[in-house]
């Protein structure tokens, strides 16, 4: 039995055939609607939630071909199966060209039609899932979902929004973990190419002897081990975007071929002629200084200028520490801690660290804290690894403690007031002077009733 009732519309002027089909499909759990002609079928299709239309080609008033055209005009992804007599195969082929899913010739048995309907429903499910996943990707990589409110990141958002509207080649530069692939995907999914493929190539992870075949493909017999044709990454990305991560690791002879792709918009498969035209936007990324690689003779200068039409330098996390609270909260939710609260002291710890692994390292630390946290729904400094917390500071201040001692809270309150005065009451600058987050400063000000 069909687990969720799908609706099948049967349009045929042969009443006995309609009833037989209705009986067989109803027994399989389908909801079956019947129409004796094309006009009646079209009215039902417009008023009901129909999954598949099964229609005879020859009918009065509106025949099957006209019904097919009207149904597809009303709902472009509608699935239509045509019923035809043996002598009308040519008409059935024409129906396929007009967008019919398939055709079945009379006489047919019940199993034949049921198998065809099941295949059509499987395709429909696949199409719906594909649309859902594409929408999910588009939502995930929309500019609104890239985390960061610092001035540096706002400039990046503005640049990405403008770059996405063009087809220009982009070079993303920045340390490992700064989010180069995330930005590349954001550019793609906010461009006119969003419905086409986004293909990622990690140039440092592919062995040198396989790189050419991976990028451009090969034909059977091109070299030892080439037992069948292979589609390269550029061909797979046709119409979309290819992201060449760590482009500085591509060897010099392939750099020449890559330059040709940029200039000629065509590729040469290994062992094949002629060239294949491709329409691909290239986004490249590197965490090394390509200018230095050029001076050392490791990277072609002409290729550098072709891939860096629009260079984007991504800031390190230590350059955008204002974004740490936003990023941390985002990663808490992402890794199953939606109801978790991060104590303000945690941000003090995170702000004192230099983050050599950048955003990726921060995500790993937060994920670890969520898994190993000591208190339910609370992330505290105790949940942060020791190597993050241990950092020596050489303070320029020399505080002398009197014999009778001091109250730590009074010292802390005094330091906050002094920092605020020094910063002209600018809370962000005062927090920087105290090497704490602005959120922590506000928390402390409320604690000590500092206006």
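Residues checked against (1) assigned by TED's automatic domain parsing to the domain that holds residue 153; (2) assigned to a helix (DSSP H, G or I); (3) free of Cβ contacts under 8 Å to residues at least 40 places away in the same chain; (4) buried (at least 19 other Cβ atoms within 10 Å of the Cβ):
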| residue | (1), (2), (3), (4) |
| --- | --- |
| 192 | yes, no, yes, no |
| 200 | yes, no, no, no |
| 209 | yes, yes, yes, no |
| 215 | yes, yes, no, yes |
| 238 | yes, no, no, no |
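Can you confirm whether segment 322-333 contains a residue that is outside any helix (DSSP H, G or I) and at pLDDT 90 or above?
no
Based on this model, can you work out whether residue 280 counts as within 30 Å of the chain's Cα centre (by Cα) and closer than 18 Å to residue 230 by Cβ?
yes
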Requested in this report: Give me a count of the residues in segment 171-190 that are out of contact with any helix residue (DSSP H, G or I) (no Cβ under 6 Å at 6 or more places or on another chain) and in a strand (DSSP E or B).
Outcome: 1
Report summary line: Inside segment 59-84, the number of residues satisfying the requirement of being touching a strand residue (DSSP E or B) at 6+ places or on another chain (Cβ under 8 Å) and over 14 Å from residue 10 (Cβ atoms) is 4
Requested in this report: Filter segment 334-357 for residues that are at pLDDT below 90 and loosely packed, with under 15 Cβ neighbours inside 10 Å and give the result.
Outcome: 334, 336, 338, 339, 354, 356
Report task. Go through the residues of segment 359-382 one by one and say whether even a single one is closer than 27 Å to residue 333 by Cβ, outside the structural domain of residue 336 (by TED's automatic domain parsing), touching a helix residue (DSSP H, G or I) at 6+ places or on another chain (Cβ under 7 Å) and at pLDDT 85 or above. Result -> no
Query raised in the report: Is it the case that residue 95 is closer than 24 Å to residue 5 by Cα, touching a helix residue (DSSP H, G or I) at 6+ places or on another chain (Cβ under 8 Å) and crowded, with 20+ Cβ neighbours inside 10 Å?
Result: no
Requested in this report: Report yes if residue 306 is assigned by TED's automatic domain parsing to the domain that holds residue 155, modelled with pLDDT of 90 or more and either surrounded by fewer than 18 Cβ atoms within 10 Å (Cβ to Cβ) or not in a strand (DSSP E or B) (or both), otherwise no.
Outcome: yes
Requested in this report: Considering only segment 25-50, state which residues are in contact (Cβ under 8 Å) with a residue 40 or more places away in the chain and either out of contact with any strand residue (DSSP E or B) (no Cβ under 9 Å at 6 or more places or on another chain) or loosely packed, with under 15 Cβ neighbours inside 10 Å (or both).
Outcome: 28, 48, 49
Query - From the options 364, 358, residue that is under 19 Å from residue 148 (Cα atoms) and without any contact (Cβ under 8 Å) to a residue 24 or more places away in the chain - result: 364
Query raised in the report: So which pairs qualify, if the first residue must be in segment 426-444 and closer than 17 Å to residue 409 by Cβ, the second must be at pLDDT 85 or above and outside any helix (DSSP H, G or I), the Cβ gap must be under 7 Å, and the two must be at least 6 apart or on different chains?
Result: 441/434
Query raised in the report: Can you tell which of 205, 272 is in contact with a strand residue (DSSP E or B) (Cβ under 8 Å, 6 or more places away or on another chain), assigned to a loop (DSSP other than H, G, I, E, B) and either assigned by TED's automatic domain parsing to the domain that holds residue 159 or crowded, with 21+ Cβ neighbours inside 10 Å (or both)?
Result: 272
Query - Conditions (1) touching a residue at least 12 places away in the same chain (Cβ under 8 Å); (2) farther than 27 Å from residue 155 by Cβ; number of the one not met by residue 228 - result: (1)
Query raised in the report: When the residues of segment 275-301 are filtered to those that are part of a strand (DSSP E or B) and out of contact with any helix residue (DSSP H, G or I) (no Cβ under 6 Å at 6 or more places or on another chain), which remaining residue is nearest to residue 203 (Cα to Cα)?
Result: 282
Report summary line: Exception for residue 398 within (1) under 30 Å from residue 367 (Cα atoms); (2) at pLDDT below 85 falls at (1)
Query - Of all residues in segment 321-333 being surrounded by 19 or more Cβ atoms within 10 Å (Cβ to Cβ) and in contact with a strand residue (DSSP E or B) (Cβ under 9 Å, 6 or more places away or on another chain), the one that is farthest from residue 364 (Cα to Cα) - result: 325
Report summary line: Out of (1) part of a loop (DSSP other than H, G, I, E, B); (2) surrounded by 12 or more Cβ atoms within 10 Å (Cβ to Cβ), the one residue 227 does not meet is (2)
Report summary line: Of (1) modelled with pLDDT under 90; (2) in contact with a strand residue (DSSP E or B) (Cβ under 7 Å, 6 or more places away or on another chain), residue 213 satisfies every one except (1)
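The values are calculated or read from the model by the stated rules, or taken from the named source; none is laboratory data. Being a predicted model, the structure only gives us computed values, none of them experimental. So basically every Cβ, Gly included, is an ideal-geometry build from the backbone, and we count neighbours across all protein chains shown.
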